[in-house]
Amino acid sequence: MSVFVINQRSGPLMPCSPRKARLLLRQGKAKIVKRTPFTIQLLQATGETKQEIILGVDAGSKCIGISAVTQKKEIFSAEIELRNDIVNLLSTRRQNRRIRRNRLRYRKPRFLNRVGSKNKGWLAPSIENKIDTHLKIVNRIHKLLPISKIIVEVASFDIQKIKNPTIESKEYQEGNGLGFWNVREYVFFRDGHKCKGRKGCNNKILNVHHIESRKVGGNSQENLITLCEDCHNDYHKGKLKLNLKRGQSFRDAAFMGIMRWAFYTRIKKMYSNVSLTYGYITKNTRITNDLPKEHRVDALCITGNPLVKRLQDYYYIKQVRRHNRQIHKANILKCGIKKLNQAPYLVKGFRLFDKVQFEGIECFIFGRRTTGYFDLRRLDGTKVHRSASFKKLNILEIRKILLWERR
């Protein structure tokens, strides 16, 4: 894999080979500025001949594919795993806020105090975070390579067509709940007014059960099922086990429909030479050239040069939380004591998600104990050691929002 090079003004240059980078460092003509991805900075002025580099971006709701190519070879390839816990965290925060305001202390009502707070173009925090990550990744690569052109793939999904392939004309305005009083009545009708729990239930009182938590799954029809009152109560008490799976989820399709133009509009304001391509073109290019279905391969097809010499190694990047802002746990102990929810900033000089070396293996700290024994894993979840002593660890990189791992 190539070594990235920046000039004295921190501007990106064409990458060089590891051999040439070692030579420049040994002669004192360059210095190391970043370990992952390995980047050096020149200490003296040189010629700055640059080639045309095209950056392909395979936008996604869970994973982003990135590929940068010249006319002859691929020089950068990466897959980025995005965060998907923001909806749950915001729902928990809202729940805790309601408890504080309604049960723990009295607060005078303030109705309509948020009218007009959402400006035009407002997006949900979960979507805003993913768009920001897309922009952050492109900006990071722009600092490493002299990108001359950016091609972004966007996609449009007809969710109604996915649910019902024969839908047409006015049927788009008539959802599944047409003619029913509410969602609850529709769910009962869909399930035939019968309990989907135990067979042969005699209880005639029916309830609507959320298959996924309401905080995450919401009140969509695909997330609801009919249970009788006895089965419903026994399930929540742990006396009954049910193998329930929610219906088809369209979160990713809805996200792509919302973010595609927002992302394209913002990135076009940041960089001049930006163009669009579409998913069906990428799919045709990948199948025509008999390439595997991977996000970074799709990004390579997006560049329009799928037959260049591909990199064997690539970077796997994972986005993590920076801080846990909830100071105390929600449950209150005896005498009104609240247990702290935040861990110490440093434990034996290490932080969560620090990149360390353990017995020659590069890994990350996924769990800490005050005794100095840490849970070490790779970014894909592979366990390196469940309880490694801090004395055997050498820190390589301090934790960041984006964790880089070479594969």
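Of all residue pairs spaced 6 or more apart or on separate chains, those with beta-carbon atoms under 8 Å, a first member in region 233-249 that is in contact (Cβ under 8 Å) with a residue 12 or more places away in the chain and a second member that is assigned to a helix (DSSP H, G or I) and among the aliphatic types (A, V, I, L, M) are 248/162.
One residue stands out among those in region 268-303 that are surrounded by 16 or more Cβ atoms within 10 Å (Cβ to Cβ) and among the small types (Gly, Ala, Ser): the one that is nearest to residue 79 (Cα to Cα), which is 299.
Taken over region 196-211, the criterion of being crowded, with 16+ Cβ neighbours inside 10 Å and under 30 Å from residue 87 (Cα atoms) is satisfied by 196, 197, 206, 207, 208, 209, 210. In summary, residue 381 fulfils each of the numbered conditions (1) assigned to a strand (DSSP E or B); (2) free of Cβ contacts under 8 Å to residues at least 60 places away in the same chain with the single exception of condition (1). Contact map, region 299-326: residues that are farther than 22 Å from residue 63 by Cβ paired with residues that are surrounded by fewer than 20 Cβ atoms within 10 Å (Cβ to Cβ) and small (Gly, Ala, Ser), Cβ distance under 9 Å, separation 6+ or inter-chain. Pairs shown: 324/343.
Residue-wise test of (1) assigned to a strand (DSSP E or B); (2) over 22 Å from residue 404 (Cα atoms); (3) touching a residue at least 12 places away in the same chain (Cβ under 8 Å); (4) outside the structural domain of residue 277 (by TED's automatic domain parsing).
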{"site": "10", "(1), (2), (3), (4)": "no, no, yes, yes"}
{"site": "15", "(1), (2), (3), (4)": "yes, no, yes, yes"}
{"site": "20", "(1), (2), (3), (4)": "no, yes, yes, yes"}
{"site": "23", "(1), (2), (3), (4)": "no, yes, no, yes"}
{"site": "28", "(1), (2), (3), (4)": "no, yes, yes, yes"}
{"site": "48", "(1), (2), (3), (4)": "no, yes, yes, yes"}
{"site": "60", "(1), (2), (3), (4)": "no, no, yes, no"}
{"site": "66", "(1), (2), (3), (4)": "yes, no, yes, no"}
{"site": "71", "(1), (2), (3), (4)": "no, yes, yes, no"}
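For region 359-378, residues that are surrounded by fewer than 14 Cβ atoms within 10 Å (Cβ to Cβ) and either touching an Asp or Glu at 6+ places or on another chain (Cβ under 9 Å) or not in a strand (DSSP E or B) (or both) total 6.
Residues in region 214-246 that are more than 28 Å from residue 84 (Cβ to Cβ), assigned to a helix (DSSP H, G or I) and of a type in the set (A, V, I, L, M, F, W, C): 231 only.
Considering only residues in region 47-57 that are at pLDDT below 90 and out of contact with any Leu (no Cβ under 8 Å at 6 or more places or on another chain), the one that is nearest to residue 267 (Cα to Cα) turns out to be 51. Kindly check whether there is at least one residue in region 22-32 that is closer than 20 Å to residue 310 by Cα and in contact with a Phe, Trp or Tyr (Cβ under 8 Å, 6 or more places away or on another chain). No, because not a single residue in region 22-32 is closer than 20 Å to residue 310 by Cα and in contact with a Phe, Trp or Tyr (Cβ under 8 Å, 6 or more places away or on another chain).
The values are calculated or read from the model by the stated rules, or taken from the named source; none is laboratory data. The shown structure was predicted, so the numbers you read here are calculated from the model rather than taken from an experiment. Positions of Cβ are generated from backbone atoms using ideal geometry, with glycine treated the same way; all protein chains shown enter the neighbour counts.
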